[in-house]
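Reading through the structure tokens given below for one structure.
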Amino acid sequence: MPIRIGTEPLRPGKLSRSAPPLIWLGTNTCGGDAVSFLNSLDPGYLDLLRDLADCRYLYLTMTAEGDMATRILDEMLTTLPGKYILVVEGTIPTRSNGLYSVVGMRNGEPLTALQAVRELGTKARYVVAVGTCAAFGGPFAAMPNPSGSLPVQAVLDRQVINVPGCPVNPDWMMGTLVHLIRFGEPELDSFNRPKLFYGETIHNLCQRRHYFDNSLFAKQPGEPWCMYQIGCKGPDTFADCPYRQWNGEHLSWPVKANTPCIGCVNPEFPDGNAPFFEHLPDVRLPGVRVTADRVGALTAAATVLGIGVHLAGSILTGRLAHAFKQTFSGSGARTRLLQNLIQRFSKKR
Amino acid sequence: MPSKITLGPITRAQNSCSVEVTIANGKVIDARCSGIFFRGFELILRDRDPRDASYLSQRICGICSAAHGTAASFALEDAAGIRPPRNGNLLRNLILGADFLQDHLRHFYLYGLPDYVQGPALGPFVPGYTKGFRLSKKNNELLMQHYMQALEVSRLAHELVTLLGGKAPYNHGLLAGGSTVPPAPDILADFQSKLHKVRDFIKNVMIADINTLAEAYPDYYHIGTRTPNFLEYGLFPHDQYDRDRHFPAGVVIEGRMQKLETSLITEHLHNSWYAGNDQPQHPTQGKTEPDREKPGAYSWIKAPRYAGKVMEGGPLGRLWIRGDYRSGVSVMDRNMARVLETEIIADLMEGWLTELEPGAPVFNSFDVPREAEGVGLTGAMRGPLGHWLRIEKGRITHYQIITPTAWNFSPRDASGQLGPVEEALIGTPIEDEKGPVEIGRVVRSFDVCSACATH
């Protein structure tokens, strides 16, 4: 054997009593966030099973199937209300009464994701929406949103912690879970994302920022310069990819691979970030000097607020500036932002 | 008196699916396979920039995303009439190859093994079936230890994708025109060292483990059987001109080899939740109009057929066509072929690494055509994958996708022919109807990917 790893056998009864029960429910999903999560290095998936959580239901890897699996969900509602962490991966389709995503059978009838998330979400200690689909709708709610998909927050009247990414970086999800289990709720931003991971733009953290500042731009994918002109959404995207990087040993990230960031964590992904290889709109209005990172902060917010990007310049100087600042502080603002977001998705139905 | 069991969700199937079986005298006499969720990628891809498809279509599936990136890249290159540079082809082969290693490792250990091995009394290994397990205590413990190791080794395989594609899943290194990370010696050395670790595990552990399973469950060479009807589009182009592939394209009908003729591919909608019961359509003409209330339908998966015949795809079909493995078509043959294919791909990757030329180009730029059609065909982890694309006024106006699991897990077609998994389930002995462990063994031998199948 070349590598000696993970050889300590798993033993029952090793979990500490403080390890909370965990349900990871797959709704309308590709399974990419669960697969990405398996790429977590330290702590890894085994650490989660052994030390961190009592993993009752993990849709992707669990042994149970059929009624045996669905019964676990029912048991959580009756025996452990208010104790378990609910992780939801995927959108919640509403079309045909939710039948566009069925998670199992109950009493011979299909149990829809919509029903399951409403029931389980109401009685969970924490609800975590993992991946951009669960958090904001993502690719599966993209135009024309064929399944009438909504993000988790839109079907639950309670706080949902959003951990977006397409897929989620393993660290963002593991970090959020560890935070919840060991330290309680992490500090969240206006989109209910943990600030720990989504507090700064890609552009400001980028190793190639000096190329941007010195106008050294790549003309095609595969070149080692700034990717702004071939579509990089870094100025518009709040995530720590450049520092953290991806997978296991944290080896690379899209710009290091000489390709543009496509803004996969963003609330407006993918519709607001496409075409992926065309650059962000230039903001050139009289009397407004806009640098790329300000464009970013504003376009991100503006899209969510339903205001066209072309207004970003006037927000900066105009009478909307005050309202804009307010929206981004205080707990009432958070709710308003999310409501707005929800409205945006509801309109697509 | 026949009885019915509905197994939903079937977990460990890249999101979940559902199977309904009818059992009489201890054997399955009828089966219906259902895809139970729908997202609608063929509609979502419309009106977009054609270049976005190689990234966006990867979002169809979290475990075999590189296969979609490859098919989408091939389709746009076909439409634009361009080829990647030599390095570009090699890099794309390495990225897709690494994703194959990741996927086959995770399927064999994380998804498949719990059907044969009992895990510790700890979530998510419990609850589970309690009967029908045959490994000795020693071998059971050994294979569980390998399960733990496979968690690390499969992560390492995804790190290979990350080195050349920025992240995994949904890597950025697969696009029409080639790839994006120039083969610098430091990256190649890192890649090679990690590949050696993965390859050693495959050769020293995974191969031994499938033999242990096959010895303990020899009757599974006679369960889940089918006539050898296979379809494969070809996997890993030899060079940038794509004149032939390392795993060749081909068709096997009742055991006889034939040349692939893609015009014979059609999709039936009869038992699927899509509007229309018309004539089956070739994917250049196919439609996707979801209708969950369609009477009589039972799946979100369409029913693809080749010359009207029910075809199976996957490692077994590929090795059969390549001439490497032709001993049978059963649960254990499928599992065996998947492990053998993992080893073959790891060996091929070693070769591709040495063929890369540091300093030579990796990407050819091109103009997106205003009006064009293209098709991208590749082998994917579970069998043949095709993307059919039409571009008008520089935007996508038509996109149809036929995935391997659509072939394998398809429902009945208009003439009532069962899909491959449905066929394979018939005759499966069920020892205990309260714990039908045998059903999952048949279904998972196809490595069902629910996310791809419905897309």
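Counting only strands (runs of 3 or more DSSP E) that sit completely within region B:213-316, those holding 2 or more residues that are modelled with pLDDT of 95 or more and within 30 Å of B:Leu90 (Cα to Cα) correspond to B:230-232, B:235-237, B:245-247, B:250-253, B:256-258. Scanning region B:32-80 for residues that are at the interface with chain A (Cβ under 7 Å from one of its Cβ atoms), among the small types (Gly, Ala, Ser) and out of contact with any Asp or Glu (no Cβ under 8 Å at 6 or more places or on another chain) gives a single hit, B:Gly40.
The single condition from (1) in contact with a helix residue (DSSP H, G or I) (Cβ under 7 Å, 6 or more places away or on another chain); (2) among the basic types (Lys, Arg); (3) farther than 25 Å from B:Tyr298 by Cβ that B:Arg444 fails is (3).
Counting the residues of region B:247-275 that are touching a His at 6+ places or on another chain (Cβ under 8 Å), under 29 Å from B:Gly177 (Cβ atoms) and crowded, with 19+ Cβ neighbours inside 10 Å gives 1.
Take the conditions facing chain B (nearest Cβ under 7 Å), at pLDDT 95 or above and surrounded by fewer than 22 Cβ atoms within 10 Å (Cβ to Cβ) and apply them to A:Met68. Does it pass? Yes, satisfied.
Of A:Phe191, A:Phe212, all but one fail to be in a loop (DSSP other than H, G, I, E, B) and either touching a strand residue (DSSP E or B) at 6+ places or on another chain (Cβ under 7 Å) or among the aliphatic types (A, V, I, L, M) (or both); the exception is A:Phe191. All conditions in (1) free of Cβ contacts under 8 Å to residues at least 40 places away in the same chain; (2) surrounded by fewer than 24 Cβ atoms within 10 Å (Cβ to Cβ) hold for B:Asp78, with the sole exception of (1). Go through the residues of region B:174-189 one by one and say whether even a single one is free of Cβ contacts under 8 Å to residues at least 40 places away in the same chain, over 20 Å from B:Arg338 (Cβ atoms) and buried (at least 24 other Cβ atoms within 10 Å of the Cβ). Taking every residue of region B:174-189 in turn, none turns out to be free of Cβ contacts under 8 Å to residues at least 40 places away in the same chain, over 20 Å from B:Arg338 (Cβ atoms) and buried (at least 24 other Cβ atoms within 10 Å of the Cβ).
Taking strands (runs of 3 or more DSSP E) as the structural unit, those lying wholly within region A:105-183 and holding at least 3 residues that are of a type outside the set (A, V, I, L, M), within 14 Å of another protein chain (Cβ to nearest Cβ) and over 27 Å from A:Glu249 (Cβ atoms) correspond to A:109-112. Report yes if some residue within region A:227-247 is in contact with a helix residue (DSSP H, G or I) (Cβ under 8 Å, 6 or more places away or on another chain), within 8 Å of chain B (Cβ to nearest Cβ) and modelled with pLDDT under 95; otherwise report no. Yes, region A:227-247 contains a residue that is in contact with a helix residue (DSSP H, G or I) (Cβ under 8 Å, 6 or more places away or on another chain), within 8 Å of chain B (Cβ to nearest Cβ) and modelled with pLDDT under 95. If we keep just the residues of region B:1-26 that are exposed (fewer than 14 other Cβ atoms within 10 Å of the Cβ) and part of a strand (DSSP E or B), which is nearest to the other protein chains (Cβ to nearest Cβ)? Among residues in region B:1-26 that are exposed (fewer than 14 other Cβ atoms within 10 Å of the Cβ) and part of a strand (DSSP E or B), the one nearest to the other protein chains (Cβ to nearest Cβ) is B:Lys4.
In the set (1) in contact (Cβ under 8 Å) with a residue 24 or more places away in the chain; (2) not in a helix (DSSP H, G or I), B:Gly416 fails one condition alone, (1).
When A:Thr91 is tested against (1) in contact (Cβ under 8 Å) with a residue 60 or more places away in the chain; (2) more than 13 Å from every other protein chain (Cβ to nearest Cβ), just one condition goes unmet, and that condition is (2). Name every residue in region B:166-191 that is within 25 Å of the chain's Cα centre (by Cα) and not in a loop (DSSP other than H, G, I, E, B), in order of residue number. B:Leu175, B:Gly178, B:Phe191 - these are the residues of region B:166-191 that are within 25 Å of the chain's Cα centre (by Cα) and not in a loop (DSSP other than H, G, I, E, B).
One line per residue, one yes/no per condition, for (1) more than 11 Å from chain A (Cβ to nearest Cβ); (2) acidic (Asp, Glu); (3) within 23 Å of B:Thr11 (Cβ to Cβ); (4) touching a Leu at 6+ places or on another chain (Cβ under 6 Å):
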{"position": "B:Gly132", "(1), (2), (3), (4)": "yes, no, yes, no"}
{"position": "B:Gln145", "(1), (2), (3), (4)": "no, no, yes, no"}
{"position": "B:Ala150", "(1), (2), (3), (4)": "no, no, yes, yes"}
{"position": "B:His158", "(1), (2), (3), (4)": "no, no, yes, no"}
{"position": "B:Val161", "(1), (2), (3), (4)": "no, no, no, no"}
{"position": "B:Lys167", "(1), (2), (3), (4)": "no, no, no, no"}
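Whether any residue in region B:27-48 is within 30 Å of B:Glu350 (Cβ to Cβ), buried (at least 24 other Cβ atoms within 10 Å of the Cβ) and not aliphatic (A, V, I, L, M) is what I want to check. No, because not a single residue in region B:27-48 is within 30 Å of B:Glu350 (Cβ to Cβ), buried (at least 24 other Cβ atoms within 10 Å of the Cβ) and not aliphatic (A, V, I, L, M).
The values are calculated or read from the model by the stated rules, or taken from the named source; none is laboratory data. Fair warning: this is a prediction, and the values are worked out from it, not measured in the lab. When we count neighbours, we look across all protein chains shown, and the Cβ atoms used for this are built from the backbone with ideal geometry, even at glycine.
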